[in-house]
Amino acid sequence: MQKKLSKIAKDTNFFLRKFISKQKKSDLIVAMKYGLFSGGKKIRSKILIDIGFLFKLNYRTLIIIGAAVECIHAYSLIHDDLPCMDDDSIRRGKPSAHIKFGEATAVLAGNSLLTMAFEILSHKDLKINEKIKTTLINRISESSGHLGIAGGQYLDLSYERKKISKKKIEEMEIKKTGKLFSFCCVAPLIIKKKNKKDIKKFENIGADIGLLFQVADDLIDYKGTLYVAGKKTGKDKKKGKATLISLLGYKNTIKYANNLILKINEKLIKYGPRTKNLFETLNYILSRNK
């Protein structure tokens with residue numbers, strides 16, 4: 001599993017470095033690279049490639065789309081760490097972007113990475129139909145803005161120290177984390193021109209994967225260490241964050257996560273052994289807290 005993740009990370013970073021090197025230089029590039037090449041595992045890209053494998057999609061095409069996804073993810077982390085958001089000074093074992101470069105530069109670097117994702121998806125290097133490119137850009141925009149990451153982060157902040165229902169926590173976590181995973185799950189189907197029913201099904205699978213990822217993240221914060229998390233742990237409890245752990249308890253949250261994997265398995269049963277890579281990834285996501 002680690003080998004597969006390393007290859008995807010290497011190939012994605014190679015594309016991104018090449019893409020950035022062809023652009024005109026700016027003073028923000030250094031901060032952008034700092035946020036983008038900070039050692040992330042590229043799990044979203046791995047999910048994209050796992051789903052793409054089910055539909056026999058070209059690996060390079062998936063790497064390029066994954067590169068756009070990683071730009072969005074990097075932007076969200078830079079902004080999440082800001083003092084006005086989650087106020088984290090460490091990210092992946094290094095100083096957060098705003099600690100290293102200052103808050104203003106961090107905000108602008110995050111904004112630049114967000115817009116670079118759209119540049120990548122509209123670029124001539126991505127050799128797919130222009131109409132499909134537009135659909136992908138539309139989808140990734142939805143997953144990043146007020147209906148996705150930004151909206152989820154807003155709810156996350158506004159729910160602090162409040163009693164929030166399970167349904168509302170799930171909705172918040174799907175926006176904050178699940179929408180980008182949904183994009184990774186539907187992008188291959190959009191390229192293959194699958195029907196709306198199939199696209200909706202994989203959108204829901206992506207939401208479940210996002211929930212699984214967020215639960216694993218919360219478990220790391222609850223019981224993990226700085227070494228495992230790459231950032232300070234125990235902050236959710238201190239800040240009174242609305243998480244499934246705070247609502248269900250530690251053991252019930254692990255059961256909840258295992259049930260999510262079973263649910264995803266049921267939805268993908270018709271694809272048989274071809275889902276092996278995907279379920280390896282899902283089990284890896286959940287085992288990160290160990």
Lys, Arg +1 and Asp, Glu -1 on Cβ, resulting dipole of the chain about Cα centre, debye, nearest 20: 920
Among N58, S141, L121, whose Cα sits farthest toward the positive end of the charge dipole of the range 51-171 (+1 at Cβ of Lys/Arg, -1 at Cβ of Asp/Glu, about the Cα centre)? N58
Relative contact order computed over the range 2-287 (Cα-Cα under 8 Å; 6+ residues apart), in percent: 18
To one decimal place, what orientation-averaged projected area in nm² is obtained for the convex hull of the Cα set of the range 103-249? 10.4
For the range 87-94, what does the Karplus curve 6.51 cos²θ - 1.76 cosθ + 1.60, with θ = phi - 60°, yield as ³J(HN,Hα) per residue in whole Hz, taken in order and with x for Gly and Pro? 6, 9, 8, 10, 9, 6, x, 10
I need the per residue convex hull volume for the range 64-184, using only the alpha carbons, in cubic angstrom as a whole number. 109
The answer for R91, listing residues at least 5 apart or on another chain whose modeled amide H is closer than 5 Å to its amide H, is S96
Dipole magnitude (debye, nearest 20) for the range 96-237, charges at Cβ of Lys, Arg, Asp, Glu: 440
Helix-derived mean residue ellipticity, 222 nm - over the chain, DSSP H n ≥ 4, -39500 (n - 2.57), to 500: -22500 deg cm²/dmol
For the range 5-64, what Kirkwood radius comes out of the mean inverse Cα-Cα distance, in Å? 12.6
The answer for GluC sites (Glu not before Pro) in the range 130-234 that fall in a DSSP coil and have at most 14 neighbouring Cβ atoms within 10 Å is E160
The FRET efficiency for R17 and K168, from their Cβ-Cβ distance with R0 = 51 Å and rounded to 0.05, is 0.80
Per DSSP, the loop-located trypsin sites (Lys or Arg not before Pro) within the range 189-283 having at most 11 other beta carbons within 10 Å are K193
Which Rg and Dmax, in Å, describe the Cα atoms of the chain? 18.1, 51
The range 248-261 - phi-based ³J(HN,Hα) in whole Hz, Karplus 6.51/-1.76/1.60, Gly and Pro as x: 9, x, 4, 5, 5, 5, 5, 4, 4, 5, 5, 5, 4, 5
Given that compact globular proteins tend to follow 2.2 N^0.38 Å, what is the ratio of the alpha-carbon Rg of the range 31-120 to that value? 1.17
Violations at 31 Å Cα threshold for listed pairs K3/K270; K24/K276; K56/K196; K192/K223; K18/K41 -> K24/K276; K192/K223
Cleavage-rule hits, trypsin sites (Lys or Arg not before Pro), the range 1-64, DSSP coil, Cβ neighbours within 10 Å at most 12: K22, K24, K25, K56
Cut-off under 14 Å on the C-alpha distance; same-chain residues fewer than 8 positions from K251 excluded. Which aspartates and glutamates are left, in chain and number order? D218
Under 18 Å Cα-Cα from K4, which aspartates and glutamates qualify once same-chain neighbours fewer than 8 residues away are excluded? D50, E70, E280
Residue by residue through the range 144-157, which ³J(HN,Hα) values in whole Hz follow from phi under the Karplus form 6.51 cos²θ - 1.76 cosθ + 1.60 (θ = phi - 60°), with glycine and proline marked x? 9, x, 5, 8, x, 3, 4, x, x, 5, 4, 5, 4, 5
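Each reported figure results from applying straightforward, stated rules to the coordinates on display, with no laboratory input. Quick caveat: nothing in here was measured; it's all calculated off a predicted structure. Cβ atoms come from the backbone with ideal geometry, glycine included; neighbour counts cover every protein chain shown.
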